[in-house]
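**Student:** Here it is: the structure, laid out below.
The values are calculated or read from the model by the stated rules, or taken from the named source; none is laboratory data. Fair warning: this is a prediction, and the values are worked out from it, not measured in the lab. All Cβ positions, even for glycine, are placed from backbone atoms using ideal geometry, and neighbour counts span all protein chains on display. Keep in mind that these areas ignore ligands, DNA and RNA; they rest on the heavy atoms of the full protein, side chains included. Shrake-Rupley method; radii C 1.70, N 1.55, O 1.52, S 1.80 Å.
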Amino acid sequence: MRLPFEQTLYLRPMRGLWFALSLALTGGLVWLLHTPIPAGQQRIPALGSFFNPFSGFWRNAEPAEGPQMPAEVRLSGLRGRVEVVYDDRLVPHIFAEHLEDALRVQGYVTAQHRLWQMDLAARRAAGRLSEVLGERTLELDRLTRRRGLPYAAENALRGWRRSAEGMRLLEAYCAGVNAWIEQLKPADYPLEFKLLGYAPEPWSPLKTALIVENMAETLCGGENDQLATAALEALGRATFDQLYPEWNPRQQPIVPDTGQWRSIRGTLNPAAPPGRDKRLSAWPIEEEYIRGSNNWAVAGARTDNGAAFLCNDPHLTLSLPSIWFQLQLHTPEMNCYGVSLQGVPGIIIGFNEHVAWGVTNGGHDVADWYRVQWADAGRTRYVVDGQEQPVEWRVETIGIRGRAPLLDSVRYTRWGPMTYDHQPDHPLHDCAFRWVTHDEPDPSEMRSFLFLNLAKTYDNYREAIAHYEAPAQNFVFATRSGEVAITVQGKLPARRYEQGRFVLDGSQSASAWPGFIPNEHLPAQRSPTRAFVFSANQHSTPPSYPYYYTSRDFDDYRGRHLYDRLNALQRANADSMASIQQDNFSQRAADALPALLRLLDRNALNAQGQQWAAELERWDYRYEATSTAAPLYEVWFDTCYLRTWDEMLDSTGEKQTLLLPERWRFIELLDKDPTNAFFDRQDTPQRETARDIVTDAFRCMQAFFEKNPEKRTMWAKFRPVSIRHLAQIEALSRNVEVGGHNTALNAQTRTHGPSWRVIVELSPDTVRARGVYPGGQSGNPGSRFYDNLLDTWAKGRYHDLFFLKTPEELPEAHLFTRQTLLPR
């Protein structure tokens, strides 16, 4: 879907017509339209300014050929000449004589194309959305502050400042961003600034730290401590252990046990028992893990030409503008191509002339809750080991558009902020939030990816990531010489057994993390005999690993299927790798559906039900776009799952009061323990078994589709993927119909999916790559580069990436424009 004024965006001759219409619309309403109009809790901009033909949104329309950029720019702070070559996908290839200059220009061109996106992400992590959006985001801002994201960013910057070289490079990047901002006139502001009626602010290293914390919140801010504690209290230890095992025995870990840990003395001593918690609260029912990714590297022994391959497809929220920005950085000491995170210097996932690397989320739980024992009624002192300690106060001033700011005084303890102490009925009211990203990081963490950009060998790779702390990532690696490797890297607590699985006792210093797993003990694998390494957010190791770790975020299906696909590879090529990234097979469906069909009482079904059961029997467990069986299975499985755990749901059946068992454990009970007591429904007098639940759920599924016949369609229409504009503006969003599922390697949900697909081939003589993401390089909805890559992504296709050695190497047919930046 495009804007209603689509022609103004691409057709230069139409601009005169829209100019005349704009004058007609605004001429008689000048006074009214220059007054912002409230709309409930939303804000409509001053419409006269917004529709002004000279400075309003019309100015954001680009000519059909794309943005007009000057051939020469003077930029303060440059040490030398910088050439930027834009290819026909608007990817900037930056050629500089100095790394500092390259990063300065990276900041400049990123702001040029993604400024509002950068501003929004920084505001989100700072808890400053309400300054521009008003009261509707006040509670979100307040929670962000109370979880300590701005505090974490301040600590991150404090750590980074201990590296003079790192700060010099970061400040060069920020100066480049600001050079773009400073030359903007209000008429040139990105569309969203005009729509929301505010101006961009100067960029700073703190804003970069906020961007990093925003990603940490997404990838390592989750936990289930309170729900698990409530489940243990309600069910007892024996039943809890039966329902919530932490290891799926069918799983393939990232790093197998080859005897490498025998000499390590870890931290598997039991933790103190969790505190008793009889308070129940309703929480949203968690989906299977959706913030995942796949990566792998295959050595030449399994490929048709002896080249190594590295592949990565991080699965994140899909948005417009896209989360990633493609670019190339070329200096005398490096030549690197990949994708960057807006507001952060360097390339996050990429390759250079020697090596390639990629990341998936480690998934370890690095956030715990500590129940605090207060020493006084005013909650100004708390007790640890029998000694009183004072709280520290942090006053958060939250600006709110249209009203006075909110002053929120947040208590901080030795464990962290008291996130919910302003909500007396919240089950975590008396709990402090301990989160690893609150800690001051290694001074070189900011440069971890820059070191990777410069890497040439395995040792360079290990040295680069050794400084990286959070969010923990699975760093996959490959070289032109054929080495492949993977490392689970991050600042991971060296927990006692089950420490952090439940709410911890904050009155005992012994509840603190004993320390952190040493870098040399983190799971890693280098050039295994099987000739591949891989990750898909599964467990890092089997249970024999000598350090305890926990999480509900480990995937139980994609890793198994990815292992099977890679283990079967022979004479593979780039197309083989693409077929794996596009694989819609669901291991979960392959595990569950045979058990469901075996338990189904077909005699209880009518003719239509018999027909649909037969269709499901023929299904190949693939969530292809055209599959009509996939929607049947999806509704049937979900209904079975929720009806089984009715004891753990609130009265609406839509929220959980206790932690729900993982889906793999539910499938195991269906298969091996169909008379388990939890299959008995609480709202009926008779005793049900899995057979009753499965059959009843099938009839409910059938009734759902009979009541909603338009839903009885193919998978892509039943579950379209919505790629939303970051401001949730419908006209600037896109819906696409694709295959995939969050339990398939092509991990798609309604809002999440592969945010960047890349395949890198590293042969002894050259490096080639193909890639695509669902969007475009430009953040301007009025540009043809806003979403021009989306259809290619939706069709499962790729673009060959232009990895240049010189500015002149790009074929003229693929050249968009050239730009020279010179010292001012």
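**Student:** Could you grab the relative contact order for the stretch 770-824? Cα pairs under 8 Å, six or more apart, rounded to a whole percent.
**Tutor:** Here the relative contact order equals 30 percent.
**Student:** Next question, about the same structure. Projected onto the charge dipole of the stretch 49-166 (+1 at Lys/Arg Cβ, -1 at Asp/Glu Cβ, origin at the Cα centre), which of GLN112, PRO67, ALA153 gives the Cα projection farthest towards the positive end?
**Tutor:** Toward the positive end, the furthest listed residue is ALA153.
**Student:** In nm, to one decimal, how far is the ASP459 label point from the ASP673 one, both placed 7 Å along Cα→Cβ?
**Tutor:** About 5.2 nm, to one decimal.
**Student:** Oh, and also: How big is the gap, in Å, between the Cα center of the stretch 675-705 and the Cα center of the stretch 213-239?
**Tutor:** Value for the Cα centre distance between the two parts: 28 Å.
**Student:** What is the spin-label model distance, in nm, from ALA64 to ALA813 if the labels are put 7 Å beyond Cα along the C-beta direction?
**Tutor:** Rounded to a tenth, the inter-label distance reads 2.1 nm.
**Student:** I would also like to ask the following. To the nearest 20 Debye, how big is the dipole of the chain about its Cα centre, given +1 on the beta carbon of each Lys and Arg and -1 on that of each Asp and Glu?
**Tutor:** Value, rounded to 20: 840 debye.
**Student:** Multiply the residue separation of LEU143 and ALA238 by 0.36 nm, subtract the distance between their alpha-carbon atoms, and state the gained length in nm to one decimal.
**Tutor:** 30.6 nm
**Student:** Another one. Run the dipole for the stretch 556-648 about the Cα centre, Lys and Arg Cβ at +1, Asp and Glu Cβ at -1, nothing else charged, and hand back the magnitude in debye, nearest 20.
**Tutor:** For the stretch 556-648, the charge dipole is close to 280 debye.
**Student:** Taking the Cα atoms of the stretch 587-717, what is the range of coordinates along each of the three principal axes, in descending order and whole Å?
**Tutor:** Here the Cα extents, ordered largest to smallest, are 37, 30, 29 Å.
**Student:** What percent does the relative contact order of the stretch 673-733 come to when contacts are Cα pairs within less than 8 Å and at least six residues apart?
**Tutor:** For the stretch 673-733, the relative contact order is 16 percent.
**Student:** Also: Using a 10 Å cut-off on Cβ atoms, rank the peptides 470-483, 621-634 from the highest mean neighbour count down.
**Tutor:** Packing order, densest peptide first, comes out as 470-483, 621-634.
**Student:** In whole Hz, with x marking every Gly and Pro, tabulate ³J(HN,Hα) for the stretch 710-720 from phi via Karplus 6.51 cos²θ - 1.76 cosθ + 1.60, θ = phi - 60°.
**Tutor:** Going residue by residue, I get 5, 7, 7, 9, 6, 4, 4, 7, 5, 10, x Hz, with x marking Gly and Pro.
**Student:** Where the Cα atoms of the stretch 404-465 are projected onto their three principal axes, how long is each span, largest first, in whole Å?
**Tutor:** Taking the Cα atoms of the stretch 404-465, the three principal extents are 55, 30, 17 Å.
**Student:** Further question on the same structure: Between the stretch 332-346 and the stretch 564-592, what is the C-alpha centre distance in whole Å?
**Tutor:** Result: 30 Å between the Cα centres.
**Student:** Across the stretch 798-807, in residue order, what do the Karplus-derived ³J(HN,Hα) couplings come to in whole Hz, using 6.51 cos²θ - 1.76 cosθ + 1.60 with θ = phi - 60° and x for Gly and Pro?
**Tutor:** 9, 10, 5, 8, 8, 9, 8, 9, 9, x
**Student:** Moving on to the next point. Among ALA96, ASN584, PRO661, which residue has its Cα positioned farthest towards the positive end of the charge dipole of the chain, with +1 placed on the Cβ of Lys and Arg, -1 on the Cβ of Asp and Glu, and the dipole taken about the Cα centre?
**Tutor:** Of the candidates, ALA96 comes out farthest on the positive side.
**Student:** Which trypsin sites (Lys or Arg not before Pro) from the stretch 118-221 combine a DSSP loop assignment with at most 16 other Cβ atoms within 10 Å?
**Tutor:** ARG161, ARG162
**Student:** Of the listed peptides 540-550, 520-530, what is their order by residue-averaged count of other C-beta atoms within 10 Å, with the highest listed first?
**Tutor:** Result, highest mean Cβ count within 10 Å first: 540-550, 520-530.
**Student:** If you roll a 1.4 Å probe over the heavy atoms of the protein chains, what accessible area per residue do you get for the stretch 683-824, in Å²?
**Tutor:** For the stretch 683-824, the per-residue accessible area is 41 Å².
**Student:** If you add up the charges near GLN582, with Lys and Arg at +1 and Asp and Glu at -1, over every other residue whose beta carbon is less than 14 angstrom from its beta carbon, what do you get?
**Tutor:** Cβ neighbours under 14 Å give a net charge of +3.
**Student:** Kirkwood hydrodynamic radius, computed over distinct alpha-carbon pairs, for the stretch 460-569: how many Å, to one decimal?
**Tutor:** Here the Kirkwood hydrodynamic radius works out to 15.8 Å.
**Student:** I would also like to ask the following. Once the other residues with Cβ under 15 Å from the Cβ of ARG74 are scored (Lys, Arg +1; Asp, Glu -1), what is the net sum?
**Tutor:** Local charge sum for ARG74: 0.
**Student:** Could you compute the FRET efficiency for ARG79 and GLU392, with r as their C-beta to C-beta distance and R0 at 56 Å, rounded to 0.05?
**Tutor:** Efficiency, from the Cβ-Cβ distance: 0.80.
**Student:** Using the heavy atoms of the protein chains and a 1.4 angstrom probe, tell me the accessible area per residue for the stretch 360-427 in square angstrom.
**Tutor:** On a per-residue basis, 44 Å².
**Student:** Amide H of ILE349: which non-local residues (sequence gap of 5 or more, or other chain) have their own amide H closer than 5 Å, using H built in the peptide plane?
**Tutor:** So ILE349 has HN proximity to VAL339.
**Student:** Enumerate the lysines that LYS185 could reach by cross-link, defined here as Cα to Cα under 25 Å, with residues fewer than 8 away along the same chain left out.
**Tutor:** LYS194, LYS207
**Student:** Next question, about the same structure. Using only Cα atoms and rounding to the nearest 10 degrees, what angle (0 to 90) does helix 14-26 make with the longest principal axis of the chain?
**Tutor:** The answer is roughly 80 degrees.
**Student:** Heavy atoms only, probe 1.4 Å: what % of the accessible area of the chain goes to carbon and sulfur, would you let me know?
**Tutor:** Here carbon and sulfur together make up 51 percent of the probe-accessible area.
**Student:** Once every DSSP H run of n ≥ 4 in the chain is given -39500 (n - 2.57) and the sum is divided by its residues, what mean residue ellipticity at 222 nm do you get, rounded to the nearest 500 deg cm²/dmol?
**Tutor:** For the chain, the value works out to -9000 deg cm²/dmol.
**Student:** Report Rg(Cα)/(2.2 N^0.38 Å) for the chain, keeping two decimals.
**Tutor:** With N residues counted in the chain, Rg over 2.2 N^0.38 Å equals 0.97.
**Student:** Once you put a point 7 Å from the Cα of ASP800 and another 7 Å from the Cα of ARG602, both along the Cβ direction, what distance in nm separates them?
**Tutor:** Using points 7 Å along Cα→Cβ, the separation is 5.3 nm.
**Student:** Can you give the relative contact order of the chain as a percent, counting alpha carbon pairs under 8 Å and 6+ residues apart?
**Tutor:** 20 percent
**Student:** Starting from the Kirkwood Rh over alpha-carbon pairs, what translational D in µm² s⁻¹ does the stretch 711-761 have by Stokes-Einstein at 4 °C and 1.567 mPa s?
**Tutor:** 106 µm²/s
**Student:** Please list, in chain and number order, the residues 5+ apart from CYS431 or on another chain whose amide H is under 5 Å from its amide H, with Hs placed from the backbone.
**Tutor:** The list, which skips near neighbours in sequence, is VAL372, TYR420.
**Student:** Taking the stretch 784-824, which GluC sites (Glu not before Pro) meet the DSSP loop condition and have no more than 13 other C-beta atoms within 10 Å?
**Tutor:** none
**Student:** Rounded to the nearest 0.05, what FRET efficiency do PHE704 and ALA727 have when you use their Cβ-Cβ distance and R0 = 45 Å?
**Tutor:** Step by step, r from the Cβ atoms, then E = 0.85.
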